[in-house]
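Novice: Before we start, here is the structure in question, set down as structure tokens.
The values are calculated or read from the model by the stated rules, or taken from the named source; none is laboratory data. Note that the coordinates shown come from a computational prediction; the quantities given were computed from them, not determined experimentally. FYI the Cβ positions are ideal-geometry reconstructions off the backbone, even for glycines, and counts take in every protein chain you see.
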Amino acid sequence: MQMYDLIQKTRRKEALTEEQIHFIVDGFTRGEIPEYMMSAWMMAVCCQGLTDAETAALTLAMRDSGECLSMESVGGITVDKHSTGGIGDKTTLLLAPIVAACGGYVPKMSGRGLGFTGGTIDKLESIPNFSTSLPMERFLEITKEIGCCVIAQSGNLVPADKKMYALRNLTATVDSIPLICSSIMSKKLALGADCILLDVKFGHGAFMKTPEDAQLLARAMVDVGKRAGKQCRAVLTDMNAPLGANVGNALEVLEVIRILRGEVRNPLSELSTTLAAHMLSLSGKGSVEKCMEMARTALDSGAALRKFADMIAAQGGDAEVTEHPELLPQSDAKYTASAPNDGYISSMQSEEVGLACLELGAGRTAASSEIDYGAGVELHAFVGEAVTAGQPLFTVYGKTEELCKKAAARILQCTQITAEKPEAQPLLYQIIS
């Protein structure tokens, strides 16, 4: 079998066999297939695509390139969730304790942020002493005892993806649905959860810019999950505006705590309970409607807050933050921007908000960048709401007032206030199962 011939076949849109795809993945992972040939093949995939069967074979080959975890010791049906990422997306921090409070099990491996989208691990590490680096045995123990545990991706899971993703970044082959699908699903399948919920986002602040592209990716991932024998469902959600009131690591944890404490109810809390309901339904707890009632009860009763505190304590963090959020990191300076005129907020481009937070130090421009955990933006008004001239729109937090004012100007530039009220857009666009 020759790699040159397989590149030619993919370029001509001739389907590869499962054996041929395993040959490519195994050879590249072991260093037997050089980067220039793998780059050529991935470019052929970008241009010509793969069949559903080829995408599934690629995903499974990547999954099998390293270790695969077993969730058997947890003693119950486990459910994982993946989000394709977005500005202010903190749903994992809400739905994991909600699901756990309803008797579910959520073993979650998450990533760090790079660029304008924040990482779940960075948010959790803004909690004093919280550890996201745990031995696999302890990860499984906490999941069994508490019902949820969130750690950083580690170990020898899917080494093929690490090598392929690094190469994709350098060769303009990132935006290929078969390659995105196999990258995401190989990690989900290697984790070993019984059920998988996929939150596929679209819009200004998401990787997929249109609902149509998000549908294609969601359908591909659900198909792969089912072929691998998993209960799998996808929800498409809107990311044209920031999700929730706060953007920035400690600020997002603060918003989560406020929601869990019952101090805030907003579209973010409603979306999180909806996602939790789908996770519970996938894991056999009943219909989505019944599970929605369970999720809301867990939130309103304080049971989810207690689970969040238990998870923080089990992972070495200071659970006092759930009662005293002022223990979270805070930035040295802040600046509040006001509405320049009367009207309705018709749009606030979430990507620009994310880039402004990146300039404040809330994200990374390189893997080695240090984060200002207290930096970010707190929104006081949302898309669709009426505002008057001089009314506070948002507060920016950062190291210096100069940085804050610069970020505020960028966010104001991407915020449109119009005389007519915009048509309301639902956060949850479609369910694919």
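Novice: Residues to consider are Glu14, Glu67, Glu72; find the one that is without any contact (Cβ under 8 Å) to a residue 40 or more places away in the chain and closer than 26 Å to Ser283 by Cα. Quick ask: steps written out before the conclusion?
Specialist: Working: Glu14 fails: closer than 26 Å to Ser283 by Cα; Glu67 fails: without any contact (Cβ under 8 Å) to a residue 40 or more places away in the chain.
Going through Glu14, Glu67, Glu72 in turn, just one is without any contact (Cβ under 8 Å) to a residue 40 or more places away in the chain and closer than 26 Å to Ser283 by Cα: Glu72.
Novice: Residue check, Tyr165 against (1) touching a residue at least 40 places away in the same chain (Cβ under 8 Å); (2) of a type outside the set (Val, Ile, Thr); (3) closer than 27 Å to Val353 by Cβ, all met but one. Which one?
Specialist: Result: Tyr165 fails condition (1) only.
Novice: Next question, about the same structure. Across segment 348-402, what is the number of residues that are surrounded by fewer than 17 Cβ atoms within 10 Å (Cβ to Cβ) and of a type in the set (Gly, Ala, Ser)?
Specialist: Summing the residues that are surrounded by fewer than 17 Cβ atoms within 10 Å (Cβ to Cβ) and of a type in the set (Gly, Ala, Ser) in segment 348-402 gives 8.
Novice: With the requirement that a residue be in a helix (DSSP H, G or I) and either at pLDDT 95 or above or not hydroxyl-bearing (Ser, Thr, Tyr) (or both), what does segment 108-139 give you?
Specialist: Residues of segment 108-139 in a helix (DSSP H, G or I): 120-124, 136-139.
Listed by number, the residues that qualify are Ile121, Asp122, Lys123, Leu124, Met136, Glu137, Arg138, Phe139.
Novice: Also: Can you spot a residue in segment 208-220 that is closer than 14 Å to Ser83 by Cα and among the acidic types (Asp, Glu)?
Specialist: no
Novice: Looking at segment 33-42, which of its residues are more than 26 Å from the chain's Cα centre (by Cα) and in contact (Cβ under 8 Å) with a residue 40 or more places away in the chain? Explain how you work it out, then say what you get.
Specialist: To start, the set of residues in segment 33-42 that are more than 26 Å from the chain's Cα centre (by Cα) comprises 33-41.
Answer for segment 33-42, where residues must be more than 26 Å from the chain's Cα centre (by Cα) and in contact (Cβ under 8 Å) with a residue 40 or more places away in the chain: Glu35, Met38, Ser39.
Novice: Note down all Cβ pairs under 9 Å where the first residue falls in segment 387-404 and is at negative phi, the second is outside any strand (DSSP E or B) and surrounded by fewer than 13 Cβ atoms within 10 Å (Cβ to Cβ), and they're at least six residues apart or on different chains.
Specialist: Sorted first by the residue in segment 387-404, then by its partner, the pairs are Val387/Asn341; Thr388/Asn341; Ala389/Asn341.
Novice: Can you find a residue that is at pLDDT below 95, surrounded by fewer than 20 Cβ atoms within 10 Å (Cβ to Cβ) and assigned by TED's automatic domain parsing to the domain that holds His380 anywhere in segment 334-341? Step through it out loud before you land on a result.
Specialist: So in segment 334-341, the residues at pLDDT below 95 come out as none.
Within segment 334-341, none of the residues are at pLDDT below 95, surrounded by fewer than 20 Cβ atoms within 10 Å (Cβ to Cβ) and assigned by TED's automatic domain parsing to the domain that holds His380.
Condition check ((1) among the charged types (D, E, K, R); (2) in a helix (DSSP H, G or I); (3) at negative phi) across all residues:
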site	(1), (2), (3)
Gln8	no, yes, yes
Glu14	yes, no, yes
Gln20	no, yes, yes
Val25	no, yes, yes
Phe28	no, yes, yes
Ile33	no, no, yes
Met38	no, yes, yes
Trp41	no, yes, yes
Leu58	no, yes, yes
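Novice: Quick one: which of Leu217, Leu268, Leu251 is at pLDDT 95 or above and either within 22 Å of Val353 (Cβ to Cβ) or of a type in the set (Phe, Trp, Tyr) (or both)?
Specialist: Exactly one of Leu217, Leu268, Leu251 is at pLDDT 95 or above and either within 22 Å of Val353 (Cβ to Cβ) or of a type in the set (Phe, Trp, Tyr) (or both), namely Leu251.
Novice: Tell me the residue from Asp213, Asp161 that is surrounded by fewer than 24 Cβ atoms within 10 Å (Cβ to Cβ) and either assigned to a strand (DSSP E or B) or charged (D, E, K, R) (or both), please.
Specialist: On the way: Asp161 fails: surrounded by fewer than 24 Cβ atoms within 10 Å (Cβ to Cβ).
Exactly one of Asp213, Asp161 is surrounded by fewer than 24 Cβ atoms within 10 Å (Cβ to Cβ) and either assigned to a strand (DSSP E or B) or charged (D, E, K, R) (or both), namely Asp213.
Novice: Consider Leu305 against the criteria (1) surrounded by fewer than 23 Cβ atoms within 10 Å (Cβ to Cβ); (2) over 14 Å from Ile146 (Cβ atoms); (3) touching a Leu at 6+ places or on another chain (Cβ under 7 Å): it satisfies all of them except one. Which criterion is unmet?
Specialist: Status for Leu305: all satisfied but (2).
Novice: Please verify whether Ala96 is in a helix (DSSP H, G or I), crowded, with 21+ Cβ neighbours inside 10 Å, not hydroxyl-bearing (Ser, Thr, Tyr) and not assigned by TED's automatic domain parsing to the domain that holds Asp199, treating the condition exactly as stated.
Specialist: On the way: in a helix (DSSP H, G or I): yes; crowded, with 21+ Cβ neighbours inside 10 Å: yes; not hydroxyl-bearing (Ser, Thr, Tyr): yes; not assigned by TED's automatic domain parsing to the domain that holds Asp199: no.
So Ala96 fails the test.
Novice: Out of all the residues in segment 132-162, which are among the charged types (D, E, K, R) and touching a strand residue (DSSP E or B) at 6+ places or on another chain (Cβ under 9 Å)? Steps first, answer last, please.
Specialist: From segment 132-162, those among the charged types (D, E, K, R) are 137-138, 141, 144-145, 161-162; that's our starting set.
Answer for segment 132-162, where residues must be among the charged types (D, E, K, R) and touching a strand residue (DSSP E or B) at 6+ places or on another chain (Cβ under 9 Å): Arg138, Glu141, Lys144.
Novice: Anything in segment 116-158 that is of a type in the set (Asp, Glu), in contact (Cβ under 8 Å) with a residue 24 or more places away in the chain and loosely packed, with under 15 Cβ neighbours inside 10 Å? List them, or say none.
Specialist: Glu145 - this is the single residue of segment 116-158 that is of a type in the set (Asp, Glu), in contact (Cβ under 8 Å) with a residue 24 or more places away in the chain and loosely packed, with under 15 Cβ neighbours inside 10 Å.
Novice: Taking strands (runs of 3 or more DSSP E) that do not extend beyond segment 335-433, which have at least 2 residues that are under 30 Å from Ala218 (Cβ atoms) and over 22 Å from the mean Cα position of the chain (by Cα)?
Specialist: Working: elements: 343-348, 376-379, 392-398, 415-418, 428-432.
Result: 343-348, 415-418.
Novice: Which of (1) part of a helix (DSSP H, G or I); (2) within 14 Å of the chain's Cα centre (by Cα); (3) among the basic types (Lys, Arg); (4) closer than 30 Å to Leu360 by Cβ is the odd one out, the single condition Lys188 does not satisfy?
Specialist: (4)
Novice: Checking the conditions here, which among Met239, Met221 is of a type in the set (A, V, I, L, M), within 14 Å of the chain's Cα centre (by Cα) and buried (at least 24 other Cβ atoms within 10 Å of the Cβ)?
Specialist: On inspection, the qualifying residue turns out to be Met239.
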